[in-house]
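Asker: Just passing along the structure, written as structure tokens.
The values are calculated or read from the model by the stated rules, or taken from the named source; none is laboratory data. Everything quoted here is computed from the prediction, not taken from an experiment. Heads up, the Cβs are rebuilt from the backbone with ideal geometry, glycines too, and the neighbour counts pull from every protein chain shown. Side chains included, ligands, DNA and RNA excluded: accessible areas come from the protein's heavy atoms. Shrake-Rupley method; radii C 1.70, N 1.55, O 1.52, S 1.80 Å.
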Amino acid sequence: MPARKYLNHIDFTHPKFLQQQVENRRIYNLKNCELNIFESYQQAYQVPLSFGDFVITSMVQGKKIMHLEEQPAFEYVPGESVIVPANETMIIDFPEATPDNPTQCIALTVDNAYIRNTLQYLNEHYNSDHAEKSEWRLHFSKYHFDNDADVADTINKLVRICHGSDLGKDIYADLSMKELLVRILQSQHLQKVSDEYAVSSNNSRLHFVLHYIQEHLTEKIAVDTLCKKAYLSRNIFFKWFKEQFGITPLEYINKERIKLAKQLLANNSHSVSQVSIQCGFNDTNYFVRLFKNAEGITPGAYQLICRK
């Protein structure tokens, strides 16, 4: 069972206000972004959609099949988001949409100049790793991803702001949009470095630290050891790691241990307590709580699903 986080329910358009059955659109326009809510009530195929600005889309209900330029087609379901550059056409299929089972998806378009200015500001003021030439930038190779709790919460906040009537909604939306961009950038950066460290653990301090964590997942990992590996003091190490990835070192370690636990649980020869120990957890109850918080079900329930 995936660890993706779902967006909050959004009311569907009242039938008497529907303008079309496929990709019916509601628009909430703000100063630096525009919220679009798309709904489809019947099967349709090869429906084109494009925006003149960078767009963050996230599924709320139903299923689509997405076709992006030079990418294989993929299923797009709730709990997932997709980012698309300006002026790129998405071709969309709606194989299961019906009046009783409509699809619903939000699309947040963001002015390209706003994106550039935000990235420039982050690179100038929030980049503590100058020695390794780390840079804040969007990676469109990581265009399709599961929502984590922070991304889902921030999108939910933006939807709530756009629906509201507060006079300061442009200000609140601006702050939340910056937060969403940072969350996506950090998540992409973590995925990129995680993909690279297995090939070369010496590309940078980040690669070296993540490689060390991966090699010692089943053991006790002391924070002081990580600090030494990074050649940073304890306080600076925590600040540096959180700035790069948006999560603490412990959150990253636990995330990787849960990933390992899922692999071990799929092998039915391991008990939950054995998996807990093999993944570096001394307390099985803590492991169970952590697993349920991440996956929505207990390790035992996950193992039963894998047996089916």
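Asker: Go through the range 262-279 residue by residue and tally those that are at pLDDT 90 or above and open to solvent by less than 20 Å² (accessible area, probe 1.4 Å).
Answerer: Of the residues in the range 262-279, 3 are at pLDDT 90 or above and open to solvent by less than 20 Å² (accessible area, probe 1.4 Å).
Asker: Right, another one. Can you tell which of 255, 228 is within 20 Å of residue 188 (Cα to Cα) and open to solvent by 40 Å² or more (accessible area, probe 1.4 Å)?
Answerer: On the way: 228 fails: within 20 Å of residue 188 (Cα to Cα).
Matching residue, one of 255, 228: 255.
Asker: Right, something else. Pick from 221, 247: which is over 28 Å from residue 79 (Cβ atoms), touching a helix residue (DSSP H, G or I) at 6+ places or on another chain (Cβ under 9 Å) and in contact (Cβ under 8 Å) with a residue 40 or more places away in the chain? Talk me through it step by step, then tell me what you get.
Answerer: Working: 247 fails: over 28 Å from residue 79 (Cβ atoms).
None of the others qualify; the one that does is 221.
Asker: Of the residues that make up the range 242-250, is at least one over 15 Å from residue 298 (Cα atoms), surrounded by fewer than 20 Cβ atoms within 10 Å (Cβ to Cβ) and basic (Lys, Arg)?
Answerer: Checked the range 242-250: at least one residue is over 15 Å from residue 298 (Cα atoms), surrounded by fewer than 20 Cβ atoms within 10 Å (Cβ to Cβ) and basic (Lys, Arg).
Asker: Tell me whether the range 58-78 contains one or more residues that are polar (S, T, N, Q) and within 21 Å of residue 13 (Cβ to Cβ). Give the derivation first.
Answerer: Looking only at the range 58-78, we keep the residues that are polar (S, T, N, Q), and these are 58, 61, 71.
Keeping just the survivors that are within 21 Å of residue 13 (Cβ to Cβ) gives 58, 61.
Yes, there is a match, as at least one residue in the range 58-78 is polar (S, T, N, Q) and within 21 Å of residue 13 (Cβ to Cβ).
Asker: Okay, moving on. Of the conditions (1) within 23 Å of residue 13 (Cβ to Cβ); (2) touching a Leu at 6+ places or on another chain (Cβ under 8 Å); (3) without any contact (Cβ under 8 Å) to a residue 40 or more places away in the chain, residue 158 fails just one. Which one is it?
Answerer: Unmet condition: (3).
Asker: Helices (runs of 4 or more DSSP H) wholly in the range 212-291 with at least 3 residues that are under 30 Å from residue 125 (Cα atoms) and under 28 Å from the mean Cα position of the chain (by Cα) - which ones? Spell out the reasoning first.
Answerer: On the way: elements: 223-230, 234-245, 249-266, 272-278.
In the range 212-291, the matching helices (runs of 4 or more DSSP H) lie at 223-230, 234-245, 249-266.
Asker: Please tell me if residue 152 is assigned to a helix (DSSP H, G or I), out of contact with any helix residue (DSSP H, G or I) (no Cβ under 7 Å at 6 or more places or on another chain) and buried (at least 16 other Cβ atoms within 10 Å of the Cβ). Even if it seems obvious, please write down each step before you answer.
Answerer: Working: assigned to a helix (DSSP H, G or I): yes; out of contact with any helix residue (DSSP H, G or I) (no Cβ under 7 Å at 6 or more places or on another chain): yes; buried (at least 16 other Cβ atoms within 10 Å of the Cβ): yes.
Here the answer is yes, as residue 152 does meet what is asked.
Asker: I've got another one for you. Does any residue of the range 222-232 turn out to be among the small types (Gly, Ala, Ser) and on the phi < 0 side of the Ramachandran plot?
Answerer: Narrowing the range 222-232 to residues among the small types (Gly, Ala, Ser): 222, 230.
Of the ones still in play, those that are also on the phi < 0 side of the Ramachandran plot are 222, 230.
Within the range 222-232, one or more residues are among the small types (Gly, Ala, Ser) and on the phi < 0 side of the Ramachandran plot.
Asker: For the range 27-141, list the strands (runs of 3 or more DSSP E) that sit wholly inside it and hold at least 3 residues that are open to solvent by 20 Å² or more (accessible area, probe 1.4 Å); which are they?
Answerer: On the way: elements: 33-40, 44-49, 54-61, 64-67, 74-76, 80-84, 90-94, 103-110.
Output list reads 44-49.
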